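Undergrad: Below are the structure tokens for one structure; questions will follow.
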Amino acid sequence: MMSLNREVKAVSRQLVLNFSGHPVLPIQKQNIEQLMHWQSVEVLDVSLGNVPEDENFVPSIAKALEKIDLTPEEWQTTPLVVVPAGYSLIWSVVLAELHGRLGYFPDVVRLCPSTKPSMEKYEVAEIMNLREVRHNSRDKR
């Protein structure tokens, strides 16, 4: 019976995995919900910490992802979207780790400087569907 409840929870849960190191602001969260057509998202801030430049940082990134409380089944069934880390080398490793756990590329939130005079310096520009990008690029092989 417990596994059934956990399964229902995984299906109803919709996640934003935030690797940016900055909070997802309420208006950004609302925009993500609208663009994803989700009722309510749960934001999980994933701290990557200070990744040492002078050594292989893949193990420290893998360790940070291990702290996300999802079972292997939840990784493959929970709807999620990610806010990327700003440092491209770190983000490359995070994206590879996510692809390995999910079995596909996740959707990615693209933020841009806000064009409106407001408290938010950045707004949600779009949700990038990396699976579609990959699929479309296969024709170019």
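The values are calculated or read from the model by the stated rules, or taken from the named source; none is laboratory data. Since the model is a prediction, treat every value here as computed from it, not as a measurement. Counting neighbours? That spans all protein chains shown, and the Cβs are built from the backbone with ideal geometry, glycine included.
Undergrad: Output the residues belonging to segment 88-109 that are loosely packed, with under 14 Cβ neighbours inside 10 Å and not in a helix (DSSP H, G or I).
TA: Listed by number, the residues that qualify are 103, 104.
Undergrad: If only one of 66, 97, 123 is in contact with a strand residue (DSSP E or B) (Cβ under 9 Å, 6 or more places away or on another chain) and farther than 17 Å from residue 14 by Cα, which one is it?
TA: Testing whether each residue is in contact with a strand residue (DSSP E or B) (Cβ under 9 Å, 6 or more places away or on another chain) and farther than 17 Å from residue 14 by Cα leaves just 123.
Undergrad: Considering only segment 73-87, state which residues are over 18 Å from residue 58 (Cβ atoms) and either without any contact (Cβ under 8 Å) to a residue 40 or more places away in the chain or assigned to a helix (DSSP H, G or I) (or both).
TA: Answer for segment 73-87, where residues must be over 18 Å from residue 58 (Cβ atoms) and either without any contact (Cβ under 8 Å) to a residue 40 or more places away in the chain or assigned to a helix (DSSP H, G or I) (or both): 73, 74, 75, 76, 77.
Undergrad: All but one of (1) of a type outside the set (A, V, I, L, M, F, W, C); (2) in a helix (DSSP H, G or I); (3) touching an Asp or Glu at 6+ places or on another chain (Cβ under 8 Å) hold for residue 60; state the number of the condition that does not hold.
TA: Failing condition for residue 60: (3).
Undergrad: Being at pLDDT 95 or above, closer than 13 Å to residue 80 by Cβ and either part of a loop (DSSP other than H, G, I, E, B) or touching a Phe, Trp or Tyr at 6+ places or on another chain (Cβ under 7 Å) (or both), is that true of even one residue in segment 29-39?
TA: yes
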